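Below is one structure, written out as structure tokens, with a few remarks after it.
We did not get these values from a lab; they are worked out from the coordinates using the rules stated. Bear in mind the structure is a predicted one, so any value in this text is a computation, not a measurement. Ideal geometry is used to build each Cβ from the backbone, glycine not excepted, and the neighbour counts take in all protein chains shown.
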Amino acid sequence: MPFLDTHHVRLHYQIDGLEEGPWLILSNSLGTQLDMWAPQMPALRKRFRVLRYDTRGHGQSSVPPGPYTIAKLGDDVIALMDHLQIDRAHFCGLSMGGMIGMWLGANRAARINRLVLCNTAALIGPPELWNTRIAKVNSEGMGAIVPAVIDRWFTPEFQKSAHNEVDLVRKMLLHTHTVGYAANCAAVRDMDLRESLFAVRAPTLVIAGAYDAATPPQDSRLVADRIAHARYVSLEAAHLSNWEVADEFTDTLVGFLTEGA
Ligand SMILES: O=C(O)CC1=CCC(=O)O1
């Protein structure tokens with residue numbers, strides 16, 4: 001169970017897959033942890049050297065006092081890459097992980113090969129939405145927000161048919177540290193990447209969810225429209241498309257990352 005300890009944070013990470021494969025970094029969404037990539041791992045570990053990590057404030061990473069910023073979360077990725085002597089890597093992030101990916105693509109371009117931005121947006125607002133959510137978890141705990149979040153993450157059909165999967169994800173959310181969750185909510189609230197997108201040069205794939213209420217397809221479309229030559233794919237899913245249509249998501253991701261390789 002490796003950790004990177006810096007002066008400011010302890011980051012929990014896990015490496016799987018091919019010793020000599022190309023590096024692929026996976027970045028979790030708000031309120032989950034590195035296990036959120038479990039549905040993709042059987043396919044990914046056959047082709048890549050996969051680095052997963054718990055974003056600060058999540059999972060087994062430490063919970064420094066907030067608020068955090070997306071820039072700080074991006075620099076945590078660079079700290080991990082430096083520690084593991086990873087010069088360049090593919091990067092795939094979902095929702096908040098996608099925001100971290102956009103920031104890296106625009107601000108640390110030399111470290112990123114291909115970029116996959118899933119169920120994400122350059123701006124997720126309005127700020128009042130986040131302030132209300134932060135106040136709620138601070139006063140009532142994670143349990144108070146779980147039902148509404150799960151309803152945004154999965155369609156009603158998937159919630160009815162995939163109890164085990166939904167339960168696993170619900171537990172990740174419930175067990176997220178309230179201070180870490182609130183500090184990451186602030187990072188999402190304060191980020192506006194709409195102008196930064198024009199600076200991204202990495203070959204990019206944007207994956208949207210047709211029924212995603214958290215980051216609706218039009219927001220994902222804007223991300224793709226502002227990144228030169230970006231591709232856009234819409235899947236029949238809500239927010240956590242990598243669980244709801246796991247096989248299609250995995251095929252789309254692997255297809256893009258291995259094209260021409
Ligand atoms: O939690 C949500 O409702 C949606 C979300 C925004 C950023 C993220 O990672 O998830």
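Charged neighbours of A213, selected by a Cβ distance under 15 Å, balance to -4 (K, R count +1; D, E count -1).
The helix-only estimate of mean residue ellipticity at 222 nm for the chain, built from DSSP H runs of length n ≥ 4 each weighted as -39500 (n - 2.57), is -12000 deg cm²/dmol after division by the residue total. Taking every C-alpha pair closer than 8 Å and separated by at least 6 residues, the mean separation divided by the residue count of the stretch 111-261 gives a relative contact order of 33 percent.
If I histogram all Cα-Cα distances within the stretch 72-194 using bins 10 Å wide from 0, what percent of pairs lands in each bin? The percentages, shortest bin first, are 12, 36, 34, 17, 1. The stretch 61-77 and the stretch 104-156 have Cα centres lying 14 Å from one another.
Length gained on full extension, R152 to D16, computed as 0.36 nm times the residue gap minus the Cα-Cα distance: 46.0 nm.
Here's how it looks for R47: its modeled amide H is under 5 Å from those of L18, which are all 5 or more places away or on a different chain. Across the stretch 3-257, Cα-Cα pairs more than 21 Å apart make up 54 percent of the total. Note on R194 and A110: with the Förster distance fixed at 25 Å, the Cβ-Cβ geometry gives a FRET efficiency of about 0.65. The separation of the stretch 177-230 from the stretch 238-261, counted between C-alpha centres, amounts to 17 Å. Free of any GluC sites (Glu not before Pro) that DSSP assigns to a loop and that have at most 15 other C-beta atoms within 10 Å, the longest stretch within the chain is 21-194.
With the convex hull drawn around the C-alpha atoms of the stretch 1-154, the volume per residue stands at 119 Å³.
Under 5 Å between amide hydrogens, built in the peptide plane, is the criterion, and for S234 it picks out A208 among residues at least 5 positions away or on other chains.
Charge tally for D225 (other residues, Cβ to Cβ under 12 Å; Lys, Arg +1; Asp, Glu -1): +3. Take every pair of alpha-carbon atoms less than 8 Å apart whose residues are at least six positions apart; their mean separation over the length of the chain yields a relative contact order of 21 percent.
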